[in-house]
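Right, one structure below, let's go through it.
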C-alpha cells in the first residue's frame, strides 16, 4: 500500500467522527435521548463488527493482545461518554474546543513515549490548528464566565481519552488481523457503554422496535466500524503525533454537516477557521513528502 494512503485513512476516519454529533441531534429531534442514541451506536457497531468478522474469517475468534484491545475499547467508549457530559455543562462550541486539545496532548504523549522533542513543523501545525478551532467552532463572542468547573474537567477528560485511544492504536497486536481487532475493540467498548449509558434499550425492545435502529446503524458504521478499522491500520504507520494532527479533520466535517443537515448558520470567521485547520493538518504531511521526494531525487542523481 502506498504511504500516502495511511494519512488519508486517518483523515477519513476522523471525518466519520465529525458527522456523529449531527446524527445524535437528529435522533434527539425524533424523540430519543442522547444516551439512547449513543448506546445504539456501540451495540449496533459491535453487531456489525461481528458480522464483518464472520464474513472475513469464518472461524471462532481467538483473543489476543491482552490489555491493548481492552484499553482501546475502553477509551473508545469513555471519549463519547465524557464528551457528552461536557456538552451538558457548556456550549457545544466550547466543548468542541476542549475536545480538540487532543492535538497537543497526543503529540505530548508521543514525545514522552518516543523520548523526543516536538519538531518545529509539528509546533507550527498545532498553533494553526488551535487558532483555526477557535474560529471554526464559533467561540469568539461566546460568554464563558458562567461555565462551571465540571464542564472544563469533562471537556479536558474527553481530549485525554481520545489521545489515549489514538496512542493505544499505535501498538500493533502480533498475529491479529484488522477484522479480529475491530471485533474485540468494539466488544469491549460495548461492555463499557453497558455501565455508562442506557443498555436497557437492548432488552426492552426500543433498539429494534422503533426507529432507533436506523440511527444506531448510521452511528455504528461511522462511529465504530470505519474509524476503529482505519485507525488500527493507519496509526501504527504514521505515529501518534501525526495521527493527532490529521484527526483535526473532524471539526470541519462536523461544522459542514451541521450546516447541511441541521441548517445551522455558518459565519465568515468559521469558514476562515476551517481553512486554517486544513492548512495546519496537511502541512506536516506535505513537508514530510517534500523531504522524502528530495531524498529520493538525491539518491537517483548519485547513482
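General remarks:
- Any chance residue 166 is touching a helix residue (DSSP H, G or I) at 6+ places or on another chain (Cβ under 8 Å) and at pLDDT below 85: no
Conditions tested, residue by residue: (1) at pLDDT below 85; (2) surrounded by 21 or more Cβ atoms within 10 Å (Cβ to Cβ); (3) part of a helix (DSSP H, G or I).
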site	(1), (2), (3)
208	yes, no, yes
215	no, yes, yes
218	no, no, yes
224	no, yes, yes
230	no, yes, yes
235	no, yes, yes
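- Of note, residue 130 does not satisfy the criterion of being closer than 16 Å to residue 14 by Cα, within 18 Å of the chain's Cα centre (by Cα) and buried (at least 18 other Cβ atoms within 10 Å of the Cβ).
- Just one of (1) assigned to a helix (DSSP H, G or I); (2) touching a helix residue (DSSP H, G or I) at 6+ places or on another chain (Cβ under 8 Å); (3) over 16 Å from residue 47 (Cβ atoms) fails for residue 153. It is (2).
- Unmet criterion (only one of (1) at negative phi; (2) buried (at least 16 other Cβ atoms within 10 Å of the Cβ)) for residue 138: (1)
- Selection of the stretch 61-90 for residues being modelled with pLDDT under 80 and crowded, with 18+ Cβ neighbours inside 10 Å yields 65, 84, 87, 90.
- The lone criterion from (1) at pLDDT below 85; (2) surrounded by fewer than 18 Cβ atoms within 10 Å (Cβ to Cβ); (3) touching a helix residue (DSSP H, G or I) at 6+ places or on another chain (Cβ under 9 Å) left unmet by residue 191 is number (1).
- Any chance residue 200 is in contact with a helix residue (DSSP H, G or I) (Cβ under 9 Å, 6 or more places away or on another chain), at pLDDT 85 or above and surrounded by fewer than 16 Cβ atoms within 10 Å (Cβ to Cβ): yes
- Selection status of residue 288, over 14 Å from residue 138 (Cα atoms), more than 19 Å from the chain's Cα centre (by Cα) and either buried (at least 16 other Cβ atoms within 10 Å of the Cβ) or at pLDDT 85 or above (or both): yes
- Helices (runs of 4 or more DSSP H) (entirely within the stretch 1-106) containing at least 1 residues that are under 18 Å from residue 178 (Cα atoms): 5-18, 34-57, 67-89
- Annotation: residue 154 fulfils all but one of (1) crowded, with 21+ Cβ neighbours inside 10 Å; (2) closer than 22 Å to residue 235 by Cβ; the unmet one is (2).
Every residue, every condition in (1) in contact (Cβ under 8 Å) with a residue 12 or more places away in the chain; (2) surrounded by fewer than 21 Cβ atoms within 10 Å (Cβ to Cβ); (3) on the phi > 0 side of the Ramachandran plot, yes or no:
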site	(1), (2), (3)
3	yes, yes, no
12	yes, yes, no
22	yes, yes, no
25	yes, yes, no
38	yes, no, no
43	yes, no, no
48	yes, yes, no
54	no, yes, no
59	no, yes, no
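The values are calculated or read from the model by the stated rules, or taken from the named source; none is laboratory data. What you see is a predicted model, and the numbers here were worked out from it, not measured in a lab. Because the Cβ atoms are built from the backbone with ideal geometry, glycine has one as well, and the counts that use them run over all protein chains shown.
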